[in-house]
Amino acid sequence: MEDGRRFHCPSALGFYGYLLDPISKISLAPGGLGAIYTPPLARLIEQLQRLPSVGPKTAQRLALHLLKRPDAEVENLAQALLDAKKRVGQCQVCFHLSAEPVCDICRHPQRDNSVICVVSDPRDVIALEKTREFRGKYHVLGGVISPMDGIGPEQLTIQPLLHRVSQPEIAEVILAISPSVEGETTTLYLGKLLQPFTKVTRIAFGLPMGGDLEYADEVTLARALEGRREL
Ligand SMILES: [Zn+2]
């Protein structure tokens, strides 16, 4: 009864109900989203599904949500996508994301020029900036050394890093690379490479806040112990 009512209902929901009816439509579809949705909607859902963490259900929900929004709002979203893609590039100095040739952090007059924090990904810069603890500069490697994936030092921004670190004002380089196998390889490689130029430190890894000693894995616990400091 419910399906029949939706099928004949001329209201907005009825329209979507007709397109998305799970029993009468999807099960009969010979394959491909075009057979279930009207083609422009199928295309939108297909594109949304390409985004990380977006599965078919979320893609459908987002697409239907967008169709219900005012034209201006959807145009703003489309324009923001195009603008960000066109304008956001890399800072020439630290390789963080930037719409300017040199990013805000590198240009900031109050930030400490003598300390460089090395990270693998722009997301790490954002995470560290949110802590408001670090007032130095960054260097984004663009990945970690991973021979299995064909990523060697030459694929990362290590040459420009060496150039920066060889400047006389640099007093310390902090390596803040995630402790995976590849991350460790990268940290050790950079440590050896940079030590002749300056003091090289690495961030401590240990237990998360609210974490329980009992449930921590041995590597994390060993690291926490190794990175202990005086109270
Ligand atoms: Zn920068």
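I'd like the full set of residues that are in a loop (DSSP other than H, G, I, E, B) and under 24 Å from the mean Cα position of the chain (by Cα), limited to the stretch 112-123. Result: Ser120, Asp121. Every condition in (1) within 12 Å of the ligand (Cβ to nearest atom); (2) farther than 19 Å from Gln159 by Cα; (3) outside the structural domain of Glu184 (by TED's automatic domain parsing) is met by Val54 except one, and the failing one is (1). When the stretch 206-231 is examined, which residues are found to be closer than 18 Å to Ser178 by Cβ and either surrounded by 10 or more Cβ atoms within 10 Å (Cβ to Cβ) or of a type in the set (Gly, Ala, Ser) (or both)? Gly206, Leu207, Gly211, Ala216, Val219, Thr220, Leu221, Ala222, Arg223, Ala224, Glu226, Gly227, listed by residue number.
Looking at Val181 and the list (1) of a type in the set (Val, Ile, Thr); (2) at pLDDT below 95; (3) surrounded by 14 or more Cβ atoms within 10 Å (Cβ to Cβ), which single condition is not satisfied? Result: Val181 fails condition (3) only. Just one of the listed residues (Val119, Val144, Val102, Val93) is surrounded by 12 or more Cβ atoms within 10 Å (Cβ to Cβ) and more than 14 Å from the ligand (Cβ to nearest atom), and it is Val144. Scanning the stretch 124-141 for residues that are within 15 Å of the ligand (Cβ to nearest atom), assigned to a loop (DSSP other than H, G, I, E, B) and either among the aromatic types (Phe, Trp, Tyr) or over 20 Å from the mean Cα position of the chain (by Cα) (or both) gives Phe134, Arg135, Gly136. All of (1) surrounded by fewer than 18 Cβ atoms within 10 Å (Cβ to Cβ); (2) modelled with pLDDT of 95 or more; (3) aliphatic (A, V, I, L, M) hold for Ala176 with one exception: (1). In this structure, Ser114 does satisfy being of a type outside the set (Lys, Arg) and in the same structural domain as Gln155 (by TED's automatic domain parsing). Ala171 falls short on exactly one of the conditions (1) over 22 Å from Gln90 (Cα atoms); (2) buried (at least 20 other Cβ atoms within 10 Å of the Cβ); (3) touching a Ser or Thr at 6+ places or on another chain (Cβ under 6 Å), and that condition is (2). Does the stretch 64-74 include one or more residues that are in contact (Cβ under 8 Å) with a residue 12 or more places away in the chain, within 16 Å of the ligand (Cβ to nearest atom) and either under 16 Å from the mean Cα position of the chain (by Cα) or surrounded by 12 or more Cβ atoms within 10 Å (Cβ to Cβ) (or both)? No; the residues of the stretch 64-74 include none that is in contact (Cβ under 8 Å) with a residue 12 or more places away in the chain, within 16 Å of the ligand (Cβ to nearest atom) and either under 16 Å from the mean Cα position of the chain (by Cα) or surrounded by 12 or more Cβ atoms within 10 Å (Cβ to Cβ) (or both).
The values are calculated or read from the model by the stated rules, or taken from the named source; none is laboratory data. All values reported here derive from a predicted model rather than from experimental measurement. Don't worry about glycine lacking a Cβ; one is built from the backbone with ideal geometry, like all the others, and counts go over all protein chains shown.
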